[in-house]
């Protein structure tokens, strides 16, 4: 049942997020244009305009920045900034399957960025690490196992706990709480990207954790340029991710 719900959520997300949204609008417009020309043309034009607007870096960055409500931890104040945290919880963010240069599955780029920050925090605070992330198909490894190998083999940071079943942020929060509650841990340093932190903090606080946000991936204020007014595929990807985060947060608050 849970697997079917996950597949259904994935299909709905594919239809309401770019670029799937534009494809749905385009086909809807084509489907009605023969009988009702003006509504059909309006749908097709709206799809084209949305594609252009959301492909602009200036728009994508604004959408992503609207998610940011946290500041980075002050590295000069660690471990004091960790307060009474009992563990570092790292949320994974993808895996690269069958990487030829490594000869197998490895942590994806976003997962690597989070893992490196977790290793940094571990070195500063000596807190134990929990890595959370399920196994996406067709990977032979869970995302959490790939990150564990990176942390232990490349950074020398031992991982105490692995959670390999979670398929999304909501399951990550519930499963992590079940594991750490048994260890007496209720306050955590939560490691994820700054654009994901708002939703992650909401989910993890909702299950009973006291969360100290340890966000990574802050954008420099000097990164703007004239190219921000030119459409790009990376901007569209960023916009889709930001919209997904806002929709996920809204859905989580509706269910709460």
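The values are calculated or read from the model by the stated rules, or taken from the named source; none is laboratory data. None of these values were measured; they are calculated from a predicted model. All Cβ positions, glycine included, derive from the backbone under ideal geometry; neighbour counts span all protein chains shown.
Where strands (runs of 3 or more DSSP E) fall wholly inside the stretch 91-192, the ranges with 2 or more residues that are more than 26 Å from residue 70 (Cβ to Cβ) and assigned by TED's automatic domain parsing to the domain that holds residue 208 are 95-99, 104-107. Within the stretch 51-64, being modelled with pLDDT of 95 or more, surrounded by fewer than 16 Cβ atoms within 10 Å (Cβ to Cβ) and either touching a helix residue (DSSP H, G or I) at 6+ places or on another chain (Cβ under 8 Å) or closer than 26 Å to residue 121 by Cα (or both) holds for one residue alone: 53. All of 200, 239, 250, 226 fail the test of being under 19 Å from the mean Cα position of the chain (by Cα) and not assigned by TED's automatic domain parsing to the domain that holds residue 16, apart from 200. Considered as a group, the residues in the stretch 1-22 that are in contact with a helix residue (DSSP H, G or I) (Cβ under 8 Å, 6 or more places away or on another chain) and part of a helix (DSSP H, G or I) include one that is surrounded by the fewest Cβ atoms within 10 Å (Cβ to Cβ), and that residue is 15.
Identify the residue in the stretch 72-90 that is touching a residue at least 24 places away in the same chain (Cβ under 8 Å) and in a loop (DSSP other than H, G, I, E, B) and, among all such residues, is farthest from residue 158 (Cα to Cα). Among those residues, the one meeting the criterion is 72.
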